[in-house]
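The values are calculated or read from the model by the stated rules, or taken from the named source; none is laboratory data. Just so we're clear, the structure is a prediction, and the values are computed from it rather than from any experiment. Counting neighbours? That spans all protein chains shown, and the Cβs are built from the backbone with ideal geometry, glycine included. Only protein heavy atoms, including side chains, enter the accessible area calculation; ligands, DNA and RNA are left aside. Shrake-Rupley method; radii C 1.70, N 1.55, O 1.52, S 1.80 Å.
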Amino acid sequence: MDDFNLHYRFLNWRRRIREIREVRAVRHQERYKRILVDGDILSYHGNSDEVGCYVAPRPLTRESNYFEVCIVDTGVRGTIAVGLVPQYYKLDHQPGWLPHSVAYHADDGKLFNGNGVGQQFGPKCFTGDRIGCGVQAESFDRGMATVFFTRNGKEVGSVVMAMSPDGLFPAVGMHSLGEEVRIDLQAEWGLDDDDSVMMVDSHEDEWGRLHDVKVCGTLLEYVGKGKSIMDVGLAQARHPLSTRSHYFEVEIVDPGEKCYIALGLARKDYPKNRHPGWSRGSVAYHAADSDDCIDAAEVKYKQRRVRNIMYFNDEDEEDEGEDMEQDYDGKKVTVFFTRNGKIIGRKEAPVPSGGFYPTIGMLSNGEKVKVDLHPLSG
């Protein structure tokens, strides 16, 4: 073999290696169009006359056969679809519209299985709802996939479809302004002896009371009318603070129209239409009274963190001051509030019978906060 042929074969070999590497790189890249990706947050980035679609970088496997999407905001129409598609799915189509794809659509609760005509499948989904999609593990040995969908931890139904040679890739479609979701590609689904349960940390069980507030993981969103002071949305933790769990943190994700956000402590039977701090048996910090939160436009999408710390006093003092209708344990505590790591004030308050419960109040459209009831610092 002459030198020319050797050189030619060497160049072909290098070109082939480069092509293989490029293909492998593409296979590990997420694909999306008219979707803004910020970590695990996906939001629609179009003009509502064209579909936006996101396709995950890897297909479901026997070891990772399930994913979940939490609706952060339904936007104008709530046209959010969650499902499975081939690797190179056309990104200007909703999942489920084209062959070899399937999806559960939030706006009408229909299942779309390879065509543009859906069939009634499950309930409609709204802000705070979680939609899960998975493939039964045994399907990976058959070539025919049994795809199941869940809503808020309960199975909605299943459908059988052909398994694509490249696998089935998690996909999310959107089609109207304001739509936003959080995707968890590492979610797990399992069964116990009683019923289907979600093996993810949804945080919903941390809240004992939710009134006009939707919870999505650690995100709380106001969903009330926001027209009068009687439209307060309230979220109260299931467990009171104690010496072992004595503080919590709140981060303002979106101040909404007025930034009428309050955080503090309240008795267990605190009125649902009252901000914490307004009625007896409560103490709170109100963000709207802060100088840099009065004008919501100036702080739109700027994250602010407020931390509320509570320490129990060892002293057993008698309750002083005005006569209150609520019963008290005869103890007082010093409640500390901090903002961005600095103490902004403290208040001594009598402990209601049953303890003080972390409580969040909201009152204007668009308000969203993240709450960590068990931070590691403090």
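Odds and ends about this structure:
- For the stretch 59-69, taking the residues that are open to solvent by 10 Å² or more (accessible area, probe 1.4 Å) and in contact with a Gly (Cβ under 8 Å, 6 or more places away or on another chain), the one that is nearest to Phe149 (Cα to Cα) is identified as Glu68.
- Set Tyr311, Tyr285: member being at pLDDT 85 or above, open to solvent by 30 Å² or more (accessible area, probe 1.4 Å) and in a strand (DSSP E or B): Tyr285
- The number of residues in the stretch 224-251 being open to solvent by 10 Å² or more (accessible area, probe 1.4 Å) and not in a loop (DSSP other than H, G, I, E, B) comes to 6.
- Annotation: Ser48 fulfils all but one of (1) of a type outside the set (A, V, I, L, M); (2) within 24 Å of the chain's Cα centre (by Cα); (3) modelled with pLDDT of 85 or more; the unmet one is (3).
- The stretch 98-112, subset closer than 19 Å to Asp166 by Cα and over 22 Å from the mean Cα position of the chain (by Cα), residue most open to solvent (accessible area, probe 1.4 Å): His100
- Contact map, the stretch 233-259: residues that are modelled with pLDDT of 85 or more paired with residues that are β-branched (Val, Ile, Thr) and open to solvent by 20 Å² or more (accessible area, probe 1.4 Å), Cβ distance under 8 Å, separation 6+ or inter-chain. Pairs shown: Gly233/Val223; Cys259/Ile294.
- So His211, is it modelled with pLDDT of 80 or more, open to solvent by 30 Å² or more (accessible area, probe 1.4 Å) and within 24 Å of Pro95 (Cβ to Cβ): no
- Top-ranked residue in the stretch 113-148 [being touching an Asp or Glu at 6+ places or on another chain (Cβ under 8 Å) and among the basic types (Lys, Arg); ranked as least open to solvent (accessible area, probe 1.4 Å)]: Arg130
- Selection within the stretch 59-96 - within 19 Å of the chain's Cα centre (by Cα) and assigned to a strand (DSSP E or B): Tyr66, Phe67, Glu68, Val69, Cys70, Ile71, Val72, Asp73, Thr74, Ala81, Val82, Gly83
- For Val76: the one exception among (1) touching a helix residue (DSSP H, G or I) at 6+ places or on another chain (Cβ under 8 Å); (2) β-branched (Val, Ile, Thr); (3) open to solvent by 50 Å² or more (accessible area, probe 1.4 Å): (1)
- Within the stretch 150-166, tally of residues that are under 18 Å from Glu68 (Cα atoms) and surrounded by fewer than 22 Cβ atoms within 10 Å (Cβ to Cβ): 9
- Filter pass, Asp193 being touching a Lys or Arg at 6+ places or on another chain (Cβ under 9 Å), open to solvent by 40 Å² or more (accessible area, probe 1.4 Å), part of a loop (DSSP other than H, G, I, E, B) and modelled with pLDDT under 90: no
- Look at (1) in contact with an Asp or Glu (Cβ under 7 Å, 6 or more places away or on another chain); (2) more than 25 Å from Ile41 (Cβ to Cβ); (3) open to solvent by less than 50 Å² (accessible area, probe 1.4 Å) and you find that Asn273 fails only one, number (1).
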